[in-house]
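This report refers to the structure that appears directly beneath it.
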Amino acid sequence: MKRPDLRMGPAPAPSAPAATAVKFWNVADVGEDEGELTLYGDVMSQQPIDWWTGEPKPGFYITPEGFMEDLAAIKDKAHINVRLNSCGGDLYTGIAIHNALKALSGEVNVIVEGIAASAASVIMCAGDTVTVFPGSLVMIHGVSVLLWDAMNIQDMKQMIKSMDASERAVAEIYNAKTGIETDTLRSMMAKETWMTGREALEKGFADELKEDDEDPDMSLSADRKILFVNGVSHNVEGLRNLPGTIPTQPSAKPAKRPAANKRPTNKAAKQKEVNHMTLEELRAQEPDLVAQIEQNALNAAQTQANTDAVTAERDRLAAIDSIAASIPDQQLVHDAKYGDEPCTAQELCFRVMQQSAKAGQTFLSNYATDGAKSGADKVTAAPNGGQSMNQAETDAADIQAVVNAYNKTKGGN
């Protein structure tokens, strides 16, 4: 690589997959004369792209993409607050953002809400006032370069000149803020100097110490490679002199998510933050927006209702199919599924019972009718209807009994 990017800070931390990449800045109009800009994440020359998908990588990144266009919305405000939480990264991007902030006509107040390290410390120095917390961290160090190409001696010499010029430019920015001699600053940069908020105030990097609010939430991963500050992860694997006061957690996790307007800076901002509108007030002020929100909600409800209806119908048909084999009349099954009066599996069972009961009643009725027509009710068990025999009938029966006995002994009829 003949002209590599110069870095002030380690490589960005790998991010977990997410649906959408997070925009690195948050520009807010918080009052008639006040604007706010939130800068969280790694300083990079452009939004990182996933090589496999071609989509922006998720995470917090400070890049120039679209930044100047959005910054124009608050560039004429009399007071502009910049909320900063970054471990640094691309030097040229840091200098460009520093210069853009210095060019604003209003008073710029940079608030270090977590860490301002490396290239982020360059951005920090754009503030007419720099506000830090006792637990804030500020770090300055020399530039570094990542090489992945063959280079000859002349290339290396040119690279060294470029790096030296960049460090001199950074030292001049620090000098303009602190008044410390550039040679002293170059020495501090070479040593990778870390400062707490109070130390940054003492050395002139900061102008105000904010002690009336909680310190930034800060912790290191167990391997001391990832630093979590106010909900943002920073890869600090390439940094050497991390303060030993940062607690190390077995599984460090972001405790908070970054948010613009987290701490109102004046009375007007506080009043604006709690001035909630009612629905009718919002409807009167933004009728199109309210109508769009209501339509979106209606569409979402309709979609969910359709989904629930499809699921319920599938479950109904599946329940009927589970008992269909035991039902003799398959027409009942078909009607339960698709007839004019479809029903559930439970209702189908009741219909089968009703049909069986009706068939039983019809059988009993038909049986009684057939019996009446046959005259079976007039047939008796005895041949003469059960009447007593007279003497002639008795004698005939006795004679027949003797004949039957004689025939039986002779084997004949």
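Label-to-label distance, GLU202 versus TRP148, with points set 7 angstrom from Cα along the beta-carbon direction: 4.2 nm.
If we sort 171-178, 285-292 on the protection proxy, mean other Cβ atoms within 10 Å, highest first, what's the order?
On the way: 171-178: 18.0, 285-292: 11.0.
Ranked by mean Cβ neighbours within 10 Å, highest first: 171-178, 285-292.
If you plug the beta carbon distance of ILE323 and THR369 into 1/(1 + (r/R0)^6) with R0 = 35 Å, you get a FRET efficiency near 0.50. If the cut-off is 19 Å between C-alpha atoms, which aspartates and glutamates fall inside it for LYS157, apart from same-chain ones fewer than 8 positions away? Within the straight-line cut-off, LYS157 pairs with ASP5, ASP149, GLU167. Available extension along the chain between GLN346 and GLN391 is 9.0 nm, counting 0.36 nm per residue and deducting the alpha carbon span.
What is the packing order of peptides 396-404, 142-150, taking the mean over residues of other C-beta atoms within 10 Å and listing the highest first?
Listed from highest to lowest mean packing, they are 142-150, 396-404.
Name the shape class, rounded, prolate or oblate, that the alpha-carbon gyration tensor gives for region 78-227, where a ≥ b ≥ c are the square roots of its eigenvalues, rounded holds for a/c under 1.5, and otherwise prolate holds if a/b is larger than b/c and oblate otherwise. Intermediate results must be reported in sequence, preceding the final value.
On the way: a/c = 1.93, a/b = 1.46, b/c = 1.33.
It is prolate, given that a/c is not under 1.5 and a/b is the larger ratio.
Annotation for region 78-148 versus region 34-48: alpha-carbon center distance of 10 Å.
Once the Cβ-Cβ distance between GLN304 and ALA73 is put in as r, and R0 is 30 Å, what FRET efficiency do you end up with, to the nearest 0.05?
0.20
Given q = 0.13 Å⁻¹, what are the Debye log10 I(q)/I(0) values for region 133-216, with equal point scatterers placed on the Cα positions and solvent ignored? So the normalised log intensities work out to -0.53. Packing, taken as the mean count of other beta carbons within 10 Å per residue, orders the peptides 318-325, 131-138, 162-169 from highest to lowest as 131-138, 162-169, 318-325.
Shown in residue order for region 390-397 are the 3J(HN,Hα) couplings computed by the Karplus curve 6.51 cos²θ - 1.76 cosθ + 1.60 at θ = phi - 60°: 8, 5, 5, 5, 5, 5, 4, 5 Hz (x for Gly and Pro).
Take the Cα atoms of region 283-361, build their convex hull, and give its volume per residue in Å³.
That works out to 108 Å³ per residue.
Residues in region 175-212 near a label at ALA169, defined as backbone nitrogen under 16 Å from the 7 Å Cα→Cβ point? Residues 175-176 fall inside that zone.
Here the Karplus relation 6.51 cos²θ - 1.76 cosθ + 1.60, evaluated at θ = phi - 60°, turns the backbone of region 74-88 into coupling constants of 10, 5, 9, 5, 6, 10, 10, 9, 10, 9, 10, 8, 8, 9, x Hz, with x for every Gly and Pro. Using the Cβ-Cβ distance between ASP183 and ILE49 with R0 set to 35 Å, the FRET efficiency from 1/(1 + (r/R0)^6) comes to roughly 0.30. The spread of Cα positions in region 196-241, taken along each principal axis and listed from longest to shortest, comes to 33, 23, 13 Å. Kirkwood hydrodynamic radius computed over region 173-218 comes to 11.8 Å, based on all pairs of distinct alpha carbons.
Across region 84-206, the relative contact order, built from alpha-carbon pairs under 8 Å that are at least six residues apart, equals 26 percent. Count Lys and Arg as plus one, Asp and Glu as minus one, and take only other residues whose Cβ is under 14 Å from that of THR184; the net charge is then +1.
Taken together, the values in this text are just the output of simple stated rules run on the coordinates, not laboratory data. Not measured: the values here are computed from a predicted model. Neighbour counts run over all protein chains shown; Cβ positions are idealised from the backbone, glycine included.
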